[in-house]
Every structure is written in structure tokens, then in C-alpha cells.
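Only one structure is covered here, and it is reproduced in the block below.
The values are calculated or read from the model by the stated rules, or taken from the named source; none is laboratory data. Please read these numbers as outputs of a predicted model, since none were measured by experiment. As a convention, Cβ positions derive from the backbone with ideal geometry for all residues, glycine included, and neighbour counts pool all protein chains shown. Just so you know, the surface numbers come from the protein's heavy atoms only, side chains and all, with ligands and any DNA or RNA stripped out. Shrake-Rupley method; radii C 1.70, N 1.55, O 1.52, S 1.80 Å.
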Amino acid sequence: MLFSIIYLATLVLATTNDLSQWIDQETSVAQTRLLANISPSGGAPGSVTAAQSHTNPDYWYHWVRDAGIALTEVSHWLNTTSSANLDKTMQDYSHFSRALQTAGGTYGLGTAKYLLTGTPYTGPWCMPQRDGPALRALSFIGYAYRLLQEGKDVSEWYDSKLPTQSLIKTDLEYVSHNWQVDDMNCDIWEEVRGHHFYTRMVQRKALVEGAQLAQRLGDPGAAQWYQQQAEEITQDLGRFWDAQAGHLRTTLDFNGGVNYKTSNLDSQIMLAALHGGMDDGVYTVESDRMLATAVALIDTFGPLYPINKVKSTTIGNAEWPIAWALGRYPEDKYTGYNSNGPGNPWSLITSGMAEYHYRLVGTWNRRSEIKMTQGLSDLLEQMKAYYGAVFNQSYTVGSTYQKNSPAFNEIAANTEKAGDMYMARVARHTDANGQMFEEWNLNTGYGQGAPDLTWSYAAHLSAARHRV
Ligand SMILES: *[C@@H]1O[C@H](CO)[C@@H](O)[C@H](O)[C@H]1NC(C)=O
Ligand SMILES: *[C@@H]1O[C@H](CO)[C@@H](O)[C@H](O)[C@H]1NC(C)=O
């Protein structure tokens, strides 16, 4: 069955005329298919399956992380449409999440995945994982503000009691009391135990935004505690920089699991800027250390996958230049079915790199200036070397370019175009009907691993939302 899907797939939608149209069309497919994964038949209302796949691989579970990332998109989308159906989806997800918070199990709130009925998964698994509660809190905070604006009671989402009965505070209490002691906790790929940059970043964001919400809702003691923990995490994040390698490291204090990830370079660091960045400069997309890491990732994955030799793809009637397909980490052995290697490029990571570029441009537009750092200069040099970008204006590290200056315009236009080239790469490997998989075969480019991965659709929606 899976094989017939793979081999019948044709590249990119034939009816689109250009990349913008493809992105819009894919957004519509992604919305439909992401919603189909929420409250699926056989699952409880509000449960979110990670993919439409019961076997090889079996992703028929509610992962707290994947659900949090997906429902954050639903919450944004609800804000722009005010659809009653989407509101019902958020309500169902809220009730289901509360049931999970009280379901117990060996790892409590560190349980990474649940059956779609709400029962904690009890088979062998890399647990606990401590990014999930932070991502779940984040998926509810924006929704709680929306409810407040509508004059509704939000005590189901936040109350100031201890012990609390509310969704967000339950997760914030867990995060704020457990982030330091988690050296046995597993990373987002569920393979390595230790302290993880991504996990820290989303925990920090949840605590900062949670502190603001607590303050607003008359819980100043909690606000102060969450803020203080967030500041300690910020301090701790400094440890992840590897000056010698010139990039951030994904895991510190390695405590077991996959032991062949010798580079310690992982695309989840880039995802941390997207999911945990807060516009305060702390490892946001434009921070020099994050840029240096993005550059290292692009350098690493470019030559790794044979499909990256292809430089353009047909969308509609035109050829579109494409950027490189990116994977999780260079030593990856997960094929989407087993760990017998080699690892493949992933849809959600390549969409993520598109979003990374769009967010750079968005940040510069908001600040009305571009600060040229070494990391940014290196990224622009890569655009020249790998993607044929042309820069007629000179730029120098240490300079600042004001909005509407020729240098600003040229840097922003080339960065936006690089973002589009990553989107066009995703278009090339997405099925003609818009179906996304978890991965693309590194040799053939066809979808591989879990079909209709919820996170792949969420990543497309997020990238499209940030396109400038
Ligand atoms: C939705 O809108 C509310 C009210 O404007 C806002 O506070 C909240 O952050 C928005 N949610 C998201 C996910 O953007
Ligand atoms: C940059 O220079 C090239 C070559 O001289 C020229 O073709 C192109 O139009 C210039 N681009 C801009 C934006 O000025």
C-alpha cells in the first residue's frame, strides 16, 4: 500500500502557475489534512495523531510535542478566521490535554506519547521528554488571550491556585520545577538523553510568556518564579556554544542513547529559534550564534544528499531554482521505518529553513535595519556560492543598514528569495495532490516514512505564515 503511494506520486501540482500559488494551494491541503489528524475516527475528541499511519511506522499516537506544535498553528488560524469549528477543535484539544495531565503513568507529565484514547504509552520508549509540556503551554497561551479578549472565563486554562486544576499552570509548574534536573530526559528525536538546547529554548519561552499571563491574571508570585527560572535558563543556554566548532551544540551532559552523533550539530537547534525564539535577541534567528549554526547546517546537508544535485524544479510552466533539502543531523540512521540508515532529508526541516529566512526578513523589517554580523555575512556568502545570489552592494561585518537603503533592500530580497528556494524544494518533493510525508528518500526524492505527518503540515503552515 505504502509503496504504491510512493511510486504513483508525481512531482508538484500541475495546476499551479508559480510558487506563490503552490504555497497557497499547499496551505489549503495542509489545513485540511492537519485537521483530519485531530479527533481522528478511533481517537478521543481532541486527540491528535502524529500521522495517518498504523504500521511501518506506527505513528498512531498523540505526541504531546507534535500536538502542541500543530495546535499552535490552529490557534493562529483561528485568530484570522474566527471559525466556530476551529474554536471547537481548540476546546476539544483542551479537554483531552487536561485528561492527559491527570492520567498519571510512570513519567507523569514527561510522558512523550499517549494512545489516542488518552492512556499513557507503556512500551519501551525514550522517556521522559520535557519539551512537550512547554510546547503544550505555548499552544494554549495565545488561545487564552483570545478568550480573555472575548470576555470569557479562562480558569480552565489558568487559575492561580496551588495545586492547580488548570492546563497552562500545570505545565508551567512542571517546567519551572524540572528543567534543571532533566539530564535523563530525551531529545525531540527521542534518541539521546542529556540536556538539550531545543528543550531549554521552548521551556524558556513558555516560562516568559507564562509569567506575563500570570501577571495579567493576578498571580504575581508565580509570575516572579517563572520569570526567575526563565532567566536561569537564559544563563544556562550560554553553555551550548562551541567556540571551536563555531556552532551551537544540540545536547550537553550526554547520558545515553544514540552515541554516534559526534558532530552534535542538529537541525533541532534551528527549530529552537522558530519555536522558542522571542524577539528579544536570545538565540533568535538573527542572533550571530544561531546564524553560525544555520550556516553549519546548510554546509553539512548540501553535499550529503544526492537529490541536492538537482538545482531547479518545474512549477506550473516555469523552472524554479531550489535550495538544498535538509535533514536532522549528519550521522542520522533513521530511515522513516527503522534505524538501519542512511537518514533522509525531512519535509518539516526544509520548511523550517524557509521560515528561518522569512523570519530574518520579518525581523529586519520590524527593526527597520540590518545589523551585519559574521554569521549573517557567512549566510549571504553561502547564498552566492550555492544559490547564485547576486550582491551588487558591498556589506561589511559590524555595519548597520537602514531600511530602504540599497544594501538593506538587496540583502532582504536575496534572503527572501533563498526562503522561497527552500519552499520550492519542498514543492518538488510534495505529492501532486499536496500530500506530505515525514521524509524524502535521499536518492529518489519521493516521500518516505510516515505519510500525512501532522508536523510536516504544521511546518508548512508556519513557514507560509511568516513569508514576507
Ligand atoms: C490571538 O489573538 C489574541 C488577541 O488579539 C492575541 O493576544 C493572541 O496572541 C493571538 N493568538 C495567536 C496564537 O497569535
Ligand atoms: C547587479 O549587477 C548585475 C551585473 O552588473 C546586473 O545585471 C543587475 O541588474 C544588478 N542588480 C541590481 C539589483 O542592481
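Among the residues here, Gly316 does not qualify as within 16 Å of ligand 1 (Cβ to nearest atom), open to solvent by less than 30 Å² (accessible area, probe 1.4 Å) and either over 23 Å from Ser462 (Cβ atoms) or not acidic (Asp, Glu) (or both).
Condition test on Tyr93, is it of a type in the set (Phe, Trp, Tyr) and farther than 24 Å from Gly42 by Cβ? Taking the combined requirement at face value, the residue does not satisfy it. Among the residues making up the range 261-273, those that are part of a loop (DSSP other than H, G, I, E, B) and over 20 Å from Asp183 (Cβ atoms) are Ser263, Leu265.
Against the condition of a type in the set (Gly, Ala, Ser) and over 15 Å from the mean Cα position of the chain (by Cα), how does Gly327 come out, does it pass? When the stated conditions are applied, Gly327 does not pass them.
Among the residues of the range 57-90, those that are under 16 Å from Gly43 (Cα atoms), within 16 Å of ligand 1 (Cβ to nearest atom) and open to solvent by less than 10 Å² (accessible area, probe 1.4 Å) comprise Ala67, Met90. Of all residues in the range 243-258 being part of a loop (DSSP other than H, G, I, E, B) and at negative phi, which is nearest to the chain's Cα centre (by Cα)? Result: Thr250.
Could you tell me which of the residues Val282, Val310, Val295 is under 21 Å from Met436 (Cβ atoms) and open to solvent by 10 Å² or more (accessible area, probe 1.4 Å)? Exactly one of Val282, Val310, Val295 is under 21 Å from Met436 (Cβ atoms) and open to solvent by 10 Å² or more (accessible area, probe 1.4 Å), namely Val310. Asp159 - would you say it is away from ligand 2 (no atom under 16 Å from the Cβ), open to solvent by 40 Å² or more (accessible area, probe 1.4 Å) and over 22 Å from the mean Cα position of the chain (by Cα)? Criteria not met by Asp159.
If you scan the range 385-420, which residues turn out to be open to solvent by 70 Å² or more (accessible area, probe 1.4 Å), within 12 Å of ligand 2 (Cβ to nearest atom) and closer than 27 Å to Arg465 by Cα? Passing the criteria: Val390, Pro406, Asn409, Lys417. Scanning the range 117-145 for residues that are aliphatic (A, V, I, L, M) and either in a helix (DSSP H, G or I) or surrounded by fewer than 18 Cβ atoms within 10 Å (Cβ to Cβ) (or both) gives Ala134, Leu135, Ala137, Leu138, Ile141, Ala144. Just need a number here: residues in the range 113-143 that are charged (D, E, K, R) and either in contact with a Cys (Cβ under 6 Å, 6 or more places away or on another chain) or closer than 14 Å to Ser166 by Cα (or both). Of the residues in that region, 1 qualify.
Selection over the range 162-174 of residues that are surrounded by 19 or more Cβ atoms within 10 Å (Cβ to Cβ) and assigned to a loop (DSSP other than H, G, I, E, B) gives a count of 2. Can you name every residue in the range 259-308 that is on the phi > 0 side of the Ramachandran plot and either among the aromatic types (Phe, Trp, Tyr) or free of Cβ contacts under 8 Å to residues at least 24 places away in the same chain (or both)? Asn264, Gly281, Tyr283 - these are the residues of the range 259-308 that are on the phi > 0 side of the Ramachandran plot and either among the aromatic types (Phe, Trp, Tyr) or free of Cβ contacts under 8 Å to residues at least 24 places away in the same chain (or both). Scanning the range 12-45 for residues that are in contact with a strand residue (DSSP E or B) (Cβ under 7 Å, 6 or more places away or on another chain) and either more than 26 Å from Asp420 (Cα to Cα) or modelled with pLDDT under 95 (or both) yields a count of 5. Of the residues Gln129, Gln203, Gln180, which single one is of a type outside the set (D, E, K, R), modelled with pLDDT of 95 or more and either within 16 Å of ligand 2 (Cβ to nearest atom) or farther than 18 Å from His62 by Cβ (or both)? Of the residues listed, the single one that is of a type outside the set (D, E, K, R), modelled with pLDDT of 95 or more and either within 16 Å of ligand 2 (Cβ to nearest atom) or farther than 18 Å from His62 by Cβ (or both) is Gln203. Taking the criterion of being in a loop (DSSP other than H, G, I, E, B) and touching a Gly at 6+ places or on another chain (Cβ under 7 Å), the residues of the range 48-82 that qualify are Thr49, Pro57.
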